[in-house]
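Only the coordinates and a few stated rules stand behind these numbers; no lab work does. As the structure is a computational prediction, the values presented were derived from the model and not from experiment. Positions of Cβ are generated from backbone atoms using ideal geometry, with glycine treated the same way; all protein chains shown enter the neighbour counts.
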Amino acid sequence: MQRVSENDSVTIIYDGLLSTGEKFDSSQDTGPLQFQMGTGGVLPAFEQAVLGMAPQETKSITVASKDAYGLRNEDLIMTVSRQGLADQPIAPGIILGMNMEHDGQQHKVPATVLSVEADTVTVDFNHPLAGQDITYQITLLSIDTPVAEGAGCGTSSKGGCTPNRDCGCA
């Protein structure tokens, strides 16, 4: 029986679960995920779990927060002027696209609104899944021919992310 080895391209289905059992992402929503092993297209722990699997095999892995979407960083919680956000709906829980400068370039990054005051808004720039251990239930559908560059990236409607570092949310 063929098993996944380094550099293989694979197609899997998966469910991403929080420690509470809540599903934050699923290939049922996005379709099967196809990626090439060894390219860094998915979380290293996720790729390691797929290595050695046989088609139709299912396994469950738990990824520690530090190896998934990182630990929470309280320095990423900031209070900003409400004036610069006048054109966006603002309420606790909403995720805003905010412009930030990094290495001399402007980048749009997500920030979750924590609280709204008359003149200020407190936002959290941590990834929504930062600080949470996550469990993936993975089923290998097939070992395939190589996939196109950049395939397999997407986000879920609940603020999660396919287990792909290239999608900008890890």
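I want the local charge near Asp8. Using Cβ-Cβ distances under 11 Å, sum +1 for each Lys or Arg and -1 for each Asp or Glu among the other residues. Don't skip to the answer; put the middle values down first.
Numbers: positive: Arg3; negative: Glu6, Glu47, Asp144.
Result for the neighbourhood of Asp8: -2.
Label point 7 Å out from Lys59 along Cα-to-Cβ: which residues of the stretch 1-19 have amide N under 20 Å? It comes to 1-18, nothing else.
Taking the Cα centre of the stretch 74-124 as origin and assigning +1 to Lys and Arg Cβ atoms and -1 to Asp and Glu Cβ atoms, the resulting dipole is close to 200 debye. Does a label point 7 Å from the Cα of Val116, set along Cα-to-beta-carbon, have any residues of the stretch 69-95 with amide nitrogen under 16 Å, and which are they? Once the point is set 7 Å along Cα→Cβ of Val116, 80-95 turn out to lie under 16 Å by backbone N, inside the stretch 69-95.
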